[in-house]
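The values are calculated or read from the model by the stated rules, or taken from the named source; none is laboratory data. This is a predicted model, so every value here is computed, not measured. Using ideal geometry, Cβ is built from the backbone for each residue, glycine included, and neighbour counts are taken over all protein chains shown.
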Amino acid sequence: MVFGEQRQPADSEHARLAVAADGEVVAVFVGDAADASIAVEAAVERFGRIDVLVNSAGASFKGFFEEMSPEQVDRQLAANLVGPMNVTRAVLPVMRRQRSGHVIAISSGAGLIGFEYSSVYAASKAGLAGWMSALSAEVAPFGIHTTMVYPGFFRTGLASAASLVWPEVSVDDYAERSAAQRVWWESQDGQQVGDPYKLAAALVTIAEEDPPPRRLIAGADVIALAERKIAELQVDIAAHRSLSESLTFDD
């Protein structure tokens, strides 16, 4: 049984497809731990077990860091980091009892290399990746696997006018660049190169692998980002290797 949460309402196309496949859709506010627990209980009551959890709900707050209000920072982290933690906390006892399970979380290319005008979003996705990396070791003794998915630019509703959240604070020094960034982001909806249905099929593929991968770099565009990140790390290490290796006690 696969349990997932999404941004779309219960009457969305995706929800109707789930019901048609003998699934069930339960509305979940992932920012509320109690709500997440109720949804998981409903899933277990209906299906008896949870084999795969897909943490896919999220939000995209755009703006330069100084333009983002503290409340927006809290909301971004709640949606993309705390929310998946809440759902996973509710699911893990079920998987531990089963001594099996697979937790999948959706990060972003921004979680590998931060993009300007997405600093708080990048923080939420990088935090998600760090948490999942540590969680992998914590739950492995119970037969539970984890996979961190780093998608590139996929044609989902995340870049739509209804989904993007713009900055609440105006800073003159950023005004011109902020306006240009907003125009660019508004132009991207429907232009992304990634096919979300192919990504969904890829998630099914990795869910059926034994063992599944700890990471999936999903999309040619994000493969290029990952390779760039690796190259940057190698340059940084080489530039200060002697200094770094000299930092141990002498005795």
What pairs come out if I take residues in the range 46-63 that are assigned to a loop (DSSP other than H, G, I, E, B) and pair them with residues that are polar (S, T, N, Q) whose C-beta lies under 6 Å away, six or more apart or interchain?
ARG49/GLN98; SER56/GLN6; ALA57/GLN6; GLY58/ASN80
Under 6 Å by Cβ, and 6 or more places apart or on different chains, what pairs join a residue from the range 115-126 that is in contact (Cβ under 8 Å) with a residue 40 or more places away in the chain and over 14 Å from LEU77 (Cβ atoms) with one that is of a type in the set (Val, Ile, Thr) and part of a loop (DSSP other than H, G, I, E, B)?
none
How many residues are surrounded by 11 or more Cβ atoms within 10 Å (Cβ to Cβ) and closer than 19 Å to MET132 by Cα when one looks only at the range 205-221?
10
The range 115-130, residues that are buried (at least 17 other Cβ atoms within 10 Å of the Cβ) and out of contact with any Ser or Thr (no Cβ under 7 Å at 6 or more places or on another chain)
TYR117, SER118, SER119, VAL120, ALA122, ALA123, SER124, ALA126, GLY127
Members of the range 210-230 that are free of Cβ contacts under 8 Å to residues at least 60 places away in the same chain, of a type in the set (D, E, K, R) and out of contact with any His (no Cβ under 9 Å at 6 or more places or on another chain)
GLU227
Taking GLY143, is it touching a Lys or Arg at 6+ places or on another chain (Cβ under 7 Å) and either under 21 Å from ARG228 (Cβ atoms) or crowded, with 18+ Cβ neighbours inside 10 Å (or both)?
no
Every pair of residues 6+ apart whose Cβ atoms lie under 9 Å, when the first sits in the range 151-179 and is closer than 19 Å to ALA220 by Cα and at pLDDT below 85 while the second is exposed (fewer than 13 other Cβ atoms within 10 Å of the Cβ) and aliphatic (A, V, I, L, M):
GLY152/VAL193; GLY152/ALA220; PHE153/VAL193; PHE154/VAL193; ARG155/VAL193
Would you check if SER119 is under 30 Å from GLU209 (Cβ atoms) and at pLDDT 95 or above?
no
For VAL193: the one exception among (1) loosely packed, with under 10 Cβ neighbours inside 10 Å; (2) touching an Asp or Glu at 6+ places or on another chain (Cβ under 7 Å):
(1)
Since ALA105 meets every condition but one in (1) out of contact with any strand residue (DSSP E or B) (no Cβ under 7 Å at 6 or more places or on another chain); (2) within 20 Å of ILE217 (Cβ to Cβ), which condition does it not meet?
(1)
Just the residues that are part of a helix (DSSP H, G or I), touching a residue at least 40 places away in the same chain (Cβ under 8 Å) and farther than 13 Å from ASP32 by Cα, please, taken from the range 81-110.
VAL91, LEU92, VAL94, MET95, ARG96, GLN98, GLY109
Could you run through the range 222-243 and say how many residues are surrounded by 12 or more Cβ atoms within 10 Å (Cβ to Cβ) and over 20 Å from the mean Cα position of the chain (by Cα)?
1
Please list, ordered by first then second residue, the pairs with beta carbon atoms under 8 Å, 6 or more apart or interchain, first in the range 187-203 and closer than 17 Å to GLY109 by Cα and in contact (Cβ under 8 Å) with a residue 12 or more places away in the chain, second acidic (Asp, Glu) and not in a loop (DSSP other than H, G, I, E, B).
VAL193/ASP221; GLY194/ASP221
Tell me the residue from ALA200, ALA231, ALA180 that is of a type outside the set (S, T, N, Q), assigned to a helix (DSSP H, G or I) and over 28 Å from SER133 (Cα atoms), please.
ALA180
Would you say GLU66 is outside any helix (DSSP H, G or I) and closer than 30 Å to ARG177 by Cβ?
no
